[in-house]
Each structure stands twice: as structure tokens, then as C-alpha cells.
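Below is one structure, written out as C-alpha cells, with a few remarks after it.
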Amino acid sequence: MATLLRRLPALSRSPRPWTQVILRETLIPRCGAPLLTGEGVPLPACGRAQSRRQHADASAALEVDVRRLEGEDDGITEVLMCRHRARNALGHVFLSQMMNLVSSLANDSARVVVFRSLVPGVFCAGADLKERALMNHAESDRFVHRLRSLMTQIASLPMPTIAAVDGAALGGGLELALACDLRTAGGSQRLPRTVGLSLAKELIFTGRRIGGQTALAMGLVNRAVEQNASGDAAYREALGLAREMLPQAPIAVRLSKEAMNRGIEVDMSSAMAIERMCYSRVIPTRDRQEGMAAFLEKRPPRYTGE
């Protein structure tokens with residue numbers, strides 16, 4: 001297996017822990033600017049004329065799109081990264097379009113969201129260094145702050161999210177994948193929550209490259225799959241996981257995500273209180289009644305999200 005993992009030197013803070021991943025030929029580089037999660041602020045246009053021209057030229061291009069699957073896959077929504085010319089690098093237009101799209105999903109009825117790339121061989125190339133080179137220190141800081149807001153937006157989506165990584169996930173591209181519930185791996189805050197502090201330090205301090213099976217054995221990844229001829233093995237694996245989630249009660253799934261994400265940040269007593277609060281919101285739902293009726297009638301449940 002040609003899969004390689006290296007550390008992400010950028011410091012990444014997250015208000016939530018994350019688990020599980022899908023991995024294939026993912027390279028996590030030693031370079032890249034720090035990316036920290038947090039609240040975003042409006043990003044003014046870059047102070048140089050060339051950057052403004054680049055931004056204007058790119059504004060009409062569709063760099064992030066959405067697709068809702070139909071038929072048996074109804075309920076699965078795909079976020080498509082399609083900035084082919086720049087390998088999905090995190091530039092102004094890409095960031096704005098992604099933030100708008102993710103914001104629209106916050107109140108969406110989708111049961112599962114899959115983040116994938118339409119650019120062959122790459123998930124996301126990280127920061128757009130050509131744009132970054134045209135920013136002064138203040139502009140660069142504001143842009144990174146906005147990137148933090150995007151990662152928080154993705155992490156806060158109420159439904160399960162999966163990053164299907166069929167290529168390089170570099171710097172901020174890895175951070176984007178890490179913001180999903182099922183994902184590739186790395187980063188100084190999320191990584192210790194997945195593999196433990198000592199092992200996380202070893203991987204980050206040494207920048208060691210490890211194969212997919214080793215990553216799987218240490219709990220760094222959820223699935224390590226061989227690439228196929230069409231280059232979308234990780235996406236197919238992600239789609240399989242999403243299909244397993246579709247029959248489940250959507251309200252219960254969302255509240256279980258909330259209970260786990262919030263509960264793991266606090267002591268056990270507080271966590272149990274959070275779990276109780278989340279369960280109390282499930283009790284009055286029609287889906288709960290449907291689940292009990294289906295059990296008694298020995299038939300598959302038909303959940304509607306009500």
C-alpha cells in the first residue's frame with residue numbers, strides 16, 4: 001500500500017473530539033501555516049491589486065458544489081470540491097463558497113454528508129500559497145482566522161460527516177478532513193484524542209511516515225483501502241458507510257453525535273447529564289414510536305425524521 005502519513009505541523013485546536021477515518025494515498029506534509037479552529041471574522045479584500053484581480057477573475061468559477069443523491073441513496077448529500085486548476089487549494093473563492101455551502105447544510109434534512117474531491121489524485125492541497133504570498137501579516141492572520149471558522153462550521157454540522165480522501169490532504173486540507181466525523185488523521189489537538197497523547201507526540205515530533213495498515217492498527221484510521229483503477233476507492237468506502245447510516249433514525253443519530261461530542265469534553269457526571277438531556281429530546285418523536293412498533297411487529301422500521 002502506497003499510503004503515507006506524516007505529521008501536520010500546524011497547530012489545530014478543536015472544541016470537539018473526532019474519531020474514525022477513511023484513508024488512501026494521503027500525504028500529510030511537514031509544511032503549512034498554523035490552522036486553529038475558532039470564530040471567524042469578515043475578511044477584507046487583499047491589499048494588493050494583483051490579489052484583487054485574481055479574486056475577481058476567480059469569483060465566477062464554481063470551486064465547491066453540492067449533489068444530493070437520489071433513489072436508495074436519498075438522504076446522502078455530497079460536498080464536491082472542484083477547484084481543478086489549483087488542486088482544491090484553500091483560496092478566497094474556495095473558502096467563501098465552502099463556508100456558504102456548509103452554512104446552508106446546518107439546517108438541512110440530509111442524513112449524511114460526504115466531503116469528496118473531483119480533482120484526481122488530491123483531496124485538498126492546503127493553503128493557496130500564491131494568494132497567501134500577496135497578503136500582509138494582518139491580512140494573512142484574518143484569512144487564517146476565517147479558515148478556523150470554516151473548520152468549526154464543518155465540525156458543528158448536526159448530521160454525520162465523512163471525508164472521502166482519495167489523494168493528498170495537505171495542511172489545511174487535512175484539517176478540513178479532520179473536522180469531519182469519519183476522516184483521515186493528524187493535527188496537534190485532534191490527533192491525541194484519537195491515538196493518545198504519547199503516540200501523537202511521537203508522530204508529530206518525528207514527522208514519521210507510516211503505512212495504512214500501521215495507521216489502522218494504532219487506531220489512527222477507520223478504514224484503509226487499496227486504491228482502484230478509477231481512483232475513488234475511499235469515496236466508495238465512504239458511500240458504503242453512509243448507506244449503513246441511512247436506515248437509522250435521523251433524530252437519534254444527530255442527538256447521539258451531540259451527546260458524544262459534548263460529553264467527551266466534560267467529566268462523567270456532566271456527560272451523563274448531557275446524555276439524559278439528548279435522550280429526553282428523542283422520547284416524544286414519532287421515530288421512537290415507530291422503532292418500538294417495528295420491533296413488536298418484527299418488521300424493519302420506517303423512520304421519517306419526525
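The values are calculated or read from the model by the stated rules, or taken from the named source; none is laboratory data. Worth saying up front: this structure is predicted, and the values here are computed from it rather than measured. Cβ: placed from backbone, ideal geometry, glycine included. Neighbour counts: every protein chain shown. Surface accessibility is based on the protein's heavy atoms, side chains included, excluding ligands, DNA and RNA. Shrake-Rupley method; radii C 1.70, N 1.55, O 1.52, S 1.80 Å.
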Could you check how many residues of the stretch 77-99 are open to solvent by less than 10 Å² (accessible area, probe 1.4 Å) and under 15 Å from the mean Cα position of the chain (by Cα)? 8
State all residues of the stretch 228-273 that are outside any helix (DSSP H, G or I) and open to solvent by 60 Å² or more (accessible area, probe 1.4 Å); if no residue qualifies, say none. Ala229, Ser230, Pro247, Gln248, Ile264, Glu265, Val266, Asp267
Just one of (1) under 18 Å from Ala168 (Cα atoms); (2) surrounded by fewer than 18 Cβ atoms within 10 Å (Cβ to Cβ) trips up Ala224, so point out which. (2)
Looking only at the stretch 274-293, how many residues end up being outside any helix (DSSP H, G or I) and of a type outside the set (A, V, I, L, M, F, W, C)? 2
Arg236, sole failed condition from (1) under 24 Å from Cys180 (Cα atoms); (2) modelled with pLDDT of 95 or more: (2)
In the stretch 274-296, residue surrounded by the fewest Cβ atoms within 10 Å (Cβ to Cβ) [restricted to those that are among the β-branched types (Val, Ile, Thr) and under 19 Å from Pro160 (Cβ atoms)]: Val282
In the stretch 58-74, the residues that are out of contact with any helix residue (DSSP H, G or I) (no Cβ under 8 Å at 6 or more places or on another chain) and in a loop (DSSP other than H, G, I, E, B): Ala60, Leu69, Glu70, Asp74
Scan (1) at pLDDT 90 or above; (2) out of contact with any Lys or Arg (no Cβ under 8 Å at 6 or more places or on another chain) for the single condition Ile162 breaks and write down its number. (2)
Members of the stretch 126-172 that are within 25 Å of Arg116 (Cβ to Cβ), among the hydroxyl-bearing types (Ser, Thr, Tyr) and open to solvent by 10 Å² or more (accessible area, probe 1.4 Å): Ser149, Thr152, Ser156
Going residue by residue through the stretch 278-286, is there one that turns out to be without any contact (Cβ under 8 Å) to a residue 24 or more places away in the chain and in contact with a helix residue (DSSP H, G or I) (Cβ under 8 Å, 6 or more places away or on another chain)? yes
